[in-house]
Every structure is written in structure tokens, then in C-alpha cells.
Amino acid sequence: MSSAPTTNPSVTLRGLTKRFGGTTVVDHLDLDIESGEFFSLLGPSGCGKTTTLRMIAGFSDPTEGTILVGGEDVTSTPPHKRDVNTVFQSYALFEHLDVRRNVGFGLRRKGVDRSSIDKRVAEMLELVELGDRAKDKPSRLSGGQRQRVALARALINQPKVLLLDEPLAALDLKLRRAMQAELKSIQREVGITFLFVTHDQDEALSMSDRVAIMCDGVVEQCGTPEDVYERPTSVFAAGFIGTSNLMNGLWSDGCVSVSPTVSIPAPGHQGSADGDPVSVTVRPEKIWLTEHTPGMFRLPGTIVETSYHGATTQYVVSVGPDLTLTVLEQNLPRMRAEDRWSPGDRVEAGWLPEHTVVLR
Ligand SMILES: Nc1ncnc2c1ncn2[C@@H]1O[C@H](COP(=O)(O)OP(=O)(O)O)[C@@H](O)[C@H]1O
Ligand SMILES: [Mg+2]
């Protein structure tokens, strides 16, 4: 599936394919990534993300297809002549060189003069907030700091495109969140196209201008974080991002019947004929257990499970035999413990019909 055509393409993939032996791991990928975009490839382990990045970087030859960087065909260009740099998950720093020399490495190799190197290195270290660590060896740095050195070392070459392969995966959660925000702000500041690979949906949603959801070497859906979360177009996309309340049923007269007693209206859906098997999903935070408004679709049910998550409480509501819905409620400021639902409570699960998403 192709994304929208772009006016200022930075990376263009056409029919990009990689086979190892008889196994196709990247399958006719078409993507248009725009200049200055923060673009994420999101998918489970083994879906072909790293293989795709390695082909764009030039470390691996495509079996078929073309790669353009800045409008120029680089499919047969050697890696060092492509206007891209890569940051990997493992911080491949030179342990015997201090931070300053690690960051300046690329410019020294290009034969840039000493004073220009010093100036650029100082700027990069400011950018990644390591100005005071210039003379330290990498072994004295934390994981997050080492990854910032790797980032500075890649950015100093001012590539058109920075490829990032799960660069935060080795960091603990808190540091990871902090680095996500930092990376995003650095990208905004330098304006370079970032092609970011991750298997972490929160990371992809919170950082990206657009996300491509990948499965088995194929892009399942490509769009803004809101597009792919609110309007998933495939069962895989709906299930991979967030909790999806996925139900299977038959299309009939503007509704999806998911059980003998439950028929869910889906007014926005087109293109199915009566009797077609379809899947249907509604996100947990779209479902309300109180304060229903007119026009909501409502299903009576019973609370079967509750779990408290601090800012939210998650409920599992049984709405029929073998049919449950997961519901996420905000724990509002005035709410007391006794205001929350308990197992056994009878409730009505309601949502606006427009929040029902039908997947073929
Ligand atoms: N050099 C290789 N030879 C054979 N198979 C490979 C090679 N590199 C990757 N693969 C296979 O290709 C698939 C995709 O791998 P990869 O691109 O690393 O996935 P991801 O980065 O999404 O986890 C995996 O099944 C992997 O085992
Ligand atoms: Mg990988």
C-alpha cells in the first residue's frame, strides 16, 4: 500500500523487495517519505524493518525495486556515497576515543580542517546536551548519554536522512521516555528527515509525523498517528496498536452481528454486502459506562474484571456469551474509590456509532 504522493520527497521506495533464499522478508514496499518528516516504521520483531533500513543505507542489496534519496536513484550507489547515516540500537562507539573524537570522527575522515571540526563538534555536543562531557571516554557515560553521542556523531555529517534502528530499545522505560522527547526536539531543530524503526507502538505514535505499520514484509497501513490509531484499515493494524476490542461477525443491513443477540451499527462503513464476514473494533477509551449521550449505541453488560492503573481504570465488561469489551475510564479528580465499578455491577457500555470501525 502506498502513502500519499509527496511534493518534496526525501526517501522514495518503489517495489523494494528482499529475499533470503526462498523467503521474502521485504515484499514490494512502496513508500514516500517527505523531506523533514519524522517517519516511523512500526512492526513486530522479524517483520523486515532492519532489512529495509539496511537496503536504504546500502549495506544490503535489494532483490528487486528502487531506492531514491532526495529524488536521486541510489539503488546501486555504495553506502558511503549515499546521503544517509544510521544510528543503531547498540551504541557502536569507539571506546578508546573520547566523546569529542567520537563525534568528530566522520569529519576527520573527510579531511575537514581542525578548527571547523572543533566548532561543529562543540555545536553537536550542545545540541545533545553533552557539552560538559567532551573529554570523557564512552565507558564513563550512561546508556542514554552514549546514545546521544551516537546521534551527534551521525548528525554532524548533515545527512539528508537519518536512519534510526530501535535506537532507544536498550534503555530503561523512564530514560526512554525522556530520550523520545529529546530526539523529537532535536529532529525539529535540525530539520533532517528521520526514518525511525521501532516495535513500540507508544514510541511510534508519540514521536512521528507519520507511521507505516509493517507486517511480514508488507506495509499494512500508512498515515498520521491519529489515522492509524483511530481509523485502522486492517485487523493487523487494529490489533498491533493499542487494545482493539476486535470482534468478528457478519455484515447485515448497516450493522455487524457479532453474536445472536448483539448487532453493532456501523453507519460510516461502505463496500460490504449483506452476509459478508467482517471484523469490527472500538477502542476502549471510546466506550463509556456512565453519562451516556443521545445517539450512543448501548449494550447492557456486567463488569467481570477491574484493574487500577493510576490515571485510568480498565474494566472488562461481559456483554454476551463469549463476548467481552475492554473499557478504559479516566480516574477523574473528584472520583473516589467507591465511585469505580466492581465485578458483578450491571452497566451499560455505550459509544458513538462513528467510533465503530469495520475492517474487511
Ligand atoms: N542475512 C539474513 N539471512 C537470512 N535471513 C535473514 C537475514 N537477515 C534477516 N533475515 C530474516 O529476515 C526477517 C526480517 O528480519 P529483520 O529485518 O531483522 O526484522 P526486524 O528488524 O523487523 O525485526 C527475519 O525473519 C530474519 O530472520
Ligand atoms: Mg530489527
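A few comments on the model shown:
- Of all residues in the range 178-195, one or more are within 16 Å of ligand 2 (Cβ to nearest atom) and either open to solvent by less than 10 Å² (accessible area, probe 1.4 Å) or farther than 19 Å from VAL69 by Cβ (or both).
- Every residue from the range 323-357 that is under 27 Å from the mean Cα position of the chain (by Cα), within 12 Å of LEU289 (Cα to Cα) and open to solvent by 60 Å² or more (accessible area, probe 1.4 Å): GLN330
- Residue list for the range 45-92, filter: away from ligand 2 (no atom under 16 Å from the Cβ), exposed (fewer than 14 other Cβ atoms within 10 Å of the Cβ) and among the polar types (S, T, N, Q): SER76
- Flag if LEU299 is surrounded by 10 or more Cβ atoms within 10 Å (Cβ to Cβ) and either not aromatic (Phe, Trp, Tyr) or not in a loop (DSSP other than H, G, I, E, B) (or both): yes
- Per-region count, the range 182-203, residues closer than 18 Å to LEU41 by Cα, in a helix (DSSP H, G or I) and more than 16 Å from ligand 1 (Cβ to nearest atom): 4
- Yes/no for ASP73 being of a type in the set (D, E, K, R) and within 16 Å of ligand 1 (Cβ to nearest atom): no
- Checking LEU41 against (1) away from ligand 1 (no atom under 12 Å from the Cβ); (2) of a type in the set (A, V, I, L, M); (3) open to solvent by less than 30 Å² (accessible area, probe 1.4 Å), the condition it does not meet: (1)
- Qualifying positions in the range 49-62 - away from ligand 1 (no atom under 12 Å from the Cβ) and of a type outside the set (A, V, I, L, M, F, W, C): GLY58, PRO62
- Scan of the range 320-334 for residues that are among the aliphatic types (A, V, I, L, M) and at pLDDT 95 or above, ordered by number: LEU325, VAL327, LEU328
- Subset of the range 130-161 (residues that are without any contact (Cβ under 8 Å) to a residue 40 or more places away in the chain, surrounded by fewer than 20 Cβ atoms within 10 Å (Cβ to Cβ), part of a loop (DSSP other than H, G, I, E, B) and under 31 Å from the mean Cα position of the chain (by Cα)): SER142, GLN158
- Residues in the range 264-296 that are part of a strand (DSSP E or B) and within 17 Å of LEU359 (Cβ to Cβ): ILE264, PRO265, PRO277, VAL278, SER279, VAL280, THR281.
- Some residue of the range 96-112 being open to solvent by 20 Å² or more (accessible area, probe 1.4 Å), polar (S, T, N, Q), in the same structural domain as ILE156 (by TED's automatic domain parsing) and outside any loop (DSSP other than H, G, I, E, B): no
- Answer from VAL304, VAL219 - the residue that is of a type outside the set (Lys, Arg), more than 26 Å from PRO343 (Cβ to Cβ) and modelled with pLDDT of 95 or more: VAL219
- Count of residues meeting criterion [without any contact (Cβ under 8 Å) to a residue 24 or more places away in the chain and on the phi > 0 side of the Ramachandran plot] in the range 8-36: 1
- Residues in the range 236-250 that are among the β-branched types (Val, Ile, Thr) and surrounded by fewer than 18 Cβ atoms within 10 Å (Cβ to Cβ): THR243 only.
- Residue that is modelled with the lowest pLDDT, among those in the range 162-175 that are open to solvent by 10 Å² or more (accessible area, probe 1.4 Å) and under 18 Å from LYS49 (Cβ atoms): ALA170
- Residues satisfying the stated conditions in the range 204-235, i.e. within 14 Å of ligand 1 (Cβ to nearest atom) and either in a strand (DSSP E or B) or open to solvent by 30 Å² or more (accessible area, probe 1.4 Å) (or both): ALA212, ILE213, MET214, CYS215, ASP216, VAL218, VAL219, GLU220
- Flag if THR293 is polar (S, T, N, Q) and surrounded by fewer than 18 Cβ atoms within 10 Å (Cβ to Cβ): yes
- Long-range neighbours under 7 Å by Cβ, at least six apart or interchain, first residue in a loop (DSSP other than H, G, I, E, B) within the range 37-57, second more than 13 Å from ligand 2 (Cβ to nearest atom) and open to solvent by less than 10 Å² (accessible area, probe 1.4 Å): GLU37/SER10; GLU37/THR193; GLY43/ILE213
The values are calculated or read from the model by the stated rules, or taken from the named source; none is laboratory data. Quantities reported herein were computed from a predicted structural model and do not represent experimental measurements. In this analysis, Cβ positions are derived from the backbone assuming ideal geometry, glycine residues included, and neighbour counts consider all displayed protein chains. Surface areas here come from the heavy atoms of the whole protein model, side chains and all, with no ligands, DNA or RNA. Shrake-Rupley method; radii C 1.70, N 1.55, O 1.52, S 1.80 Å.
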